[in-house]
Amino acid sequence: MKITSYSLGALLLTLLALPAPTPAVAVAVAADPAPVGARHRHTGSEISAFLTSFYGHHGPSAHDRDQRVSQQLKEKQAHTPSSDVLLCAQKEPRNEPQDIAVGAVTVAQSAGVGWATVTTRWGADQQDTFTAYVRLDSRPIRLDDVICAG
């Protein structure tokens with residue numbers, strides 16, 4: 001029989017006496033496997049910069065329409081070919097607004113969405129508004145939906 005030294009035995013007893021990890025800790029770790037960078041949620045200022053860039057002064061470019069909108073909006077546009085769903089306008093005769101302004105952004109963290117009112121000016125006395133929505137977790141940032149005012 002081999003005799004174990006007292007210090008090694010004391011170390012083993014100390015390790016065995018430590019509490020085991022609780023199930024809540026194990027669940028919390030397992031429930032959030034995404035890397036820290038993947039959990040980023042867009043801020044109001046990021047959404048404002050995106051919408052201002054996306055709409056510009058005269059409407060989104062062909063590239064933006066293809067690359068910076070959600071699949072949902074692409075399908076919505078496909079189902080309404082006579083309308084421009086991104087600008088809430090008829091395609092003819094109003095092709096391009098004279099100016100576009102993006103209002104203040106509201107962010108609802110619990111809903112996972114941010115939005116702003118967008119105002120388009122088509123002529124001296126023609127003005128329209130609509131609401132543009134962005135999902136806070138979209139990667140890359142994309143226009144998720146547009147709801148027309150009228």
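Computed quantities for the displayed model
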read-out: Kirkwood hydrodynamic radius of the range 70-150, from inverse mean 1/r over distinct Cα pairs, in Å; value: 13.5 Å
read-out: Per-residue ³J(HN,Hα) for the range 126-138, Karplus 6.51 cos²θ - 1.76 cosθ + 1.60, θ = phi - 60°, Hz, x for Gly and Pro; value: 10, 9, 10, 10, 8, 10, 9, 10, 10, 6, 5, 9, 5
read-out: Amide H partners (placed H, <5 Å) of Leu136, local residues excluded; value: Val113, Gly114
read-out: Alpha-carbon centroid distance for the pair the range 127-150 / the range 47-63, whole angstrom; value: 11 Å
read-out: Distance in nm between pseudo-label sites at Ala111 and Gln90 (7 Å out along the Cβ direction from Cα); value: 3.1 nm
read-out: Computed label-point distance, nm, for sites Ser45 and Arg121 using a 7 Å Cα→Cβ extension; value: 2.7 nm
read-out: Residues whose placed amide H lies under 5 Å from that of Trp122, excluding near-sequence neighbours; value: Gln98, Gln127, Asp128
read-out: Amide hydrogen neighbours beyond the local backbone of Leu143, cut-off 5 Å, H modeled; value: Val69, Ser70
read-out: Computed accessible area, His42, all protein chains, 1.4 angstrom probe, square angstrom; value: 10 Å²
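The values are calculated or read from the model by the stated rules, or taken from the named source; none is laboratory data. Computed from a prediction, not measured in an experiment: that's the story for all the values here. Cβ: placed from backbone, ideal geometry, glycine included. Neighbour counts: every protein chain shown. The protein model used for the area step is the full one, side chains on, heavy atoms only, and it has no ligands, DNA or RNA in it. Shrake-Rupley method; radii C 1.70, N 1.55, O 1.52, S 1.80 Å.
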